[in-house]
């Protein structure tokens, strides 16, 4: 890692806009800025101030009028000197600004290198760094809020006392081993278990929180299936609150999968409208039904839609049984605004995609099916990152081994697993993370962050 280089990148999205920001970080950023910019007066480089300047070419010709912000180390994003140049948002101007900085001694930043420097320089820990990426990639406001909480240290704050308790237990056992001849008492098994049990429960709670955190981070896929003309596309449009799928009275209008993502209680949900399931000779329609079955298999939740104004047929029962065999599903009775004919003994949600009747109840049932404990179960600092969940599982397994062996093996053997748990927590926070793991994590960031 060439962490002493001065790096430069465009930190705003590609394309044209009112403004574009070029960011530099490193020991030479001020000197480079002075050579590529023309100031009305010699810059004082007072931290956290903005100065008007002109971007010029080597011949002194004006390219753009810019604003220059300076953030002094260590109170900057990277904990290094940082200069940000706000140009007009022309891709040509931004590219020239970066090229000029590189000519004068900077180098192009790697993906995530600004945040990597913030981590390496002790500005943030690894969970906060990963939360920055999640915040940038958020697709719903709720995702952004959770990522912002994690960037402020919500996960780190839950981990810190756990590691402190673990180290206290290690110190107790080490003291009993190292100073036994000095009459330091050996920790009793009951004392070890009394300290272990709340620690194990706290780690287990964090692992369990990933079941909800995964939904928030990755989103879910929801397939809407049913026989032709039961109102799947109408329900699809109503749940999205937009006319996304074509709706007609002709059975079999939808021949292929139609998908769109929307937020449901802050969870990104990919709604998939499918072809009506029936036996037909049309090869295109048969292909559409095959894709419907694949969509059911891939979905986190399937809505099986039936027409309440028509009899509940054997084909409906077979489709419902197939959906249940493949995973979680909800039975939805559509066309509740019409005289009811279908007799449903199965639990179901009655709705009208035409009038909106029952849609709020359906949304609530979907959330309840996805998050059985309810949204209120989530505590601040729940886990949304699969890497964190895997490392917490490693720590939990090690602690449970200690719990099972306490009182049966020497304390030296217990310490092996206790140190394994510490190692897992250290990898989570970045205290002992290998360079190749860091490279893999930060390569997923956008350039300029």
Ordering 205-215, 309-319 by per-residue average of other C-beta atoms within 10 angstrom, highest first, gives 205-215, 309-319
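Please compute the contact order of the chain in relative form: average sequence separation of alpha-carbon pairs under 8 Å and at least six residues apart, divided by the residue count, as a percent.
Contact order relative to length: 16 percent.
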Packing-ranked peptide list from 325-332, 137-144, 420-427, highest mean Cβ count within 10 angstrom first, is 420-427, 325-332, 137-144
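Just rank 2, 449, fewest to most, by other beta-carbon atoms within 10 angstrom.
2, 449
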Ranked output for segments 409-415, 384-390 by mean other Cβ atoms within 10 Å, highest leading, reads 384-390, 409-415
With bins of 10 Å, the percent of all Cα-Cα pairs of the chain per bin from 0 is 4, 16, 18, 17, 18, 15, 9, 3, 0
In whole angstrom, largest first, the equivalent ellipsoid semi-axes that the Cα gyration tensor gives for the range 7-124 are 22, 16, 13
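Values quoted throughout were computed directly from the atomic coordinates according to the rules given, and no laboratory measurement underlies them. No experiment lies behind these values; they were computed from the predicted model shown. Positions of Cβ are backbone-derived with ideal geometry, glycine not excepted, and every protein chain shown enters the neighbour counts.
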